[in-house]
1. Given 123, 84, which one is over 17 Å from residue 142 (Cβ atoms), surrounded by fewer than 18 Cβ atoms within 10 Å (Cβ to Cβ) and modelled with pLDDT under 75?
2. Looking at segment 68-81, is at least one residue farther than 20 Å from residue 143 by Cα, over 25 Å from the mean Cα position of the chain (by Cα) and at pLDDT 85 or above?
3. Identify, please: which residue in segment 214-234 is in contact with a helix residue (DSSP H, G or I) (Cβ under 7 Å, 6 or more places away or on another chain) and assigned to a loop (DSSP other than H, G, I, E, B) and is, among those, farthest from residue 260 (Cα to Cα)?
4. Identify, by number, the condition in (1) at pLDDT below 80; (2) in contact with a strand residue (DSSP E or B) (Cβ under 8 Å, 6 or more places away or on another chain); (3) part of a helix (DSSP H, G or I); (4) within 23 Å of residue 361 (Cα to Cα) that residue 402 doesn't meet.
5. Kindly provide the set of residues from segment 295-321 that are at pLDDT 90 or above and either within 13 Å of residue 255 (Cβ to Cβ) or not in a loop (DSSP other than H, G, I, E, B) (or both), ordered by number.
6. In this structure, is residue 285 under 29 Å from the mean Cα position of the chain (by Cα) and modelled with pLDDT under 95?
7. For segment 141-159, name all the residues that are in contact with a strand residue (DSSP E or B) (Cβ under 7 Å, 6 or more places away or on another chain), over 17 Å from residue 205 (Cβ atoms) and modelled with pLDDT under 80.
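The values are calculated or read from the model by the stated rules, or taken from the named source; none is laboratory data. Note that the structure is a prediction, hence the values are computed from the model and not measured. With ideal geometry, Cβ positions are generated from the backbone for all residues, glycine too; neighbour counts draw on all protein chains shown.
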């Protein structure tokens with residue numbers, strides 16, 4: 001109704017206004033009542049849900065497991081996953097599958113920081129879903145303040161920028177890709193927890209830039225370094241890097257052997273060293289050759305594959321008083337060099353691996369007889385020895401003539417012998433004689449404490465020899481693989 005043009009209010013307007021206000025007030029009261037009822041209904045519903053959960057827990061023993069025990073189960077399942085697939089965000093990972101059982105288990109998953117402390121990234125298309133920044137931030141959030149391990153596998157070059165949000169918590173870094181982009185500026189700051197770095201480049205089209213190592217120079221806990229690449233750029237000796245902190249060094253790089261030797265000489269705390277893929281001696285390196293006899297007091301394990309005379313040059317550069325394990329591959333047998341190293345270092349070698357060594361039986365026997373504390377010996381593909389290798393460990397000797405012509409081998413502390421060899425025609429009787437003679441060793445014999453023989457040989461073997469070998473496998477003395 002339109003108001004009249006006069007100033008007089010319409011008849012009954014005040015009454016209608018009072019009635020409308022009363023109705024609004026009544027509706028407000030109704031809303032308050034309904035809200036109260038809704039709250040009560042919701043409370044009752046939640047109480048019933050809680051009661052249902054309690055009854056389900058009572059009926060299902062697995063639901064009564066405390067969160068701490070569940071978290072431990074999750075951790076065991078995660079540990080059983082292969083390292084390359086140990087990403088927590090992988091929908092098929094064991095922790096993620098367990099987290100889908102129920103809301104309580106999902107809460108345990110999210111509340112266990114150690115399950116979120118490993119980042120595994122696959123960059124190869126089709127192998128796994130690609131991570132994005134949100135995924136990484138989720139991991140960093142759920143891992144709370146625990147140290148973080150980062151592993152990247154794939155065939156695409158990697159941009160590391162995202163990973164350095166948690167660089168102060170980075171503990172282990174492994175990159176196995178076709179190339180690595182320059183690390184971000186944050187990496188140039190201190191990395192207080194970084195303990196190990198592994199950089200593996202899969203293709204020579206993106207060579208490993210050795211100056212990249214300088215970005216890890218402020219890592220007070222860094223003790224392990226592994227580098228592998230078919231091609232490198234830069235001079236590793238010009239890099240500022242905490243070499244003296246390293247206890248583990250693995251170089252599979254096309255570096256001149258003198259360069260690698262000079263790197264090793266700086267690793268005064270080194271305990272384990274592995275060198276492979278090195279080049280020959282470069283003439284321009286002679287001026288940077290360290291004084292011979294650099295002492296590495298803690299080095300207990302050394303494995304190397306060096307070209308030609310490089311073996312001699314390398315070994316003559318060091319004194320290794322703590323050496324326990326030595327593996328030499330694809331090198332001429334340099335018994336005088338090893339003898340001089342032992343005389344200079346006075347080490348007590350317990351494990352020796354010789355692989356693809358060119359040497360006569362007499363030279364090897366003479367060298368082994370000088371290693372009186374040897375406990376484990378592996379002879380792998382030493383083709384120059386052939387059957388003389390079996391005869392050296394056969395006791396009693398196969399013939400008096402052979403005994404008179406060569407010095408017998410005797411290793412009083414040898415416990416394990418492993419032989420890997422290929423024969424065109426394998427004498428099964430000779431093999432069985434060797435193993436049986438070793439099994440019957442007693443005090444006063446050349447090998448009195450030998451407990452185990454492992455044979456991995458290729459070649460035809462007679463039926464009689466096979467039967468004799470099987471009997472020694474049954475008693476646990478022999479482990480064999482004859483193909």
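1. Values: 123 fails: surrounded by fewer than 18 Cβ atoms within 10 Å (Cβ to Cβ).
Criteria check complete, one pass: 84.
2. Taking segment 68-81 as the starting set, the residues that turn out to be farther than 20 Å from residue 143 by Cα are none.
No, because not a single residue in segment 68-81 is farther than 20 Å from residue 143 by Cα, over 25 Å from the mean Cα position of the chain (by Cα) and at pLDDT 85 or above.
3. Going residue by residue through segment 214-234, those that are in contact with a helix residue (DSSP H, G or I) (Cβ under 7 Å, 6 or more places away or on another chain) are 215, 222-223, 232-234.
Okay, now just the ones that are also assigned to a loop (DSSP other than H, G, I, E, B), so 222-223, 234.
On the way: 222: 19, 223: 18, 234: 14 Å.
My answer is 222.
4. (2)
5. At the first step, the residues of segment 295-321 found to be at pLDDT 90 or above are 295-303, 318-321.
Hits for segment 295-321 are 295, 301, 302, 303, 318, 319.
6. Values: under 29 Å from the mean Cα position of the chain (by Cα): no; modelled with pLDDT under 95: yes.
Taking the combined requirement at face value, the residue does not satisfy it.
7. Of everything in segment 141-159, those that are in contact with a strand residue (DSSP E or B) (Cβ under 7 Å, 6 or more places away or on another chain), over 17 Å from residue 205 (Cβ atoms) and modelled with pLDDT under 80 turn out to be 152, 153.
This table checks each residue for (1) touching a strand residue (DSSP E or B) at 6+ places or on another chain (Cβ under 6 Å); (2) at pLDDT 95 or above; (3) assigned to a strand (DSSP E or B).
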residue	(1), (2), (3)
237	no, no, no
240	no, no, no
249	yes, yes, yes
254	yes, no, no
259	no, no, no
262	no, no, no
265	yes, no, no
269	no, yes, no
274	yes, yes, yes
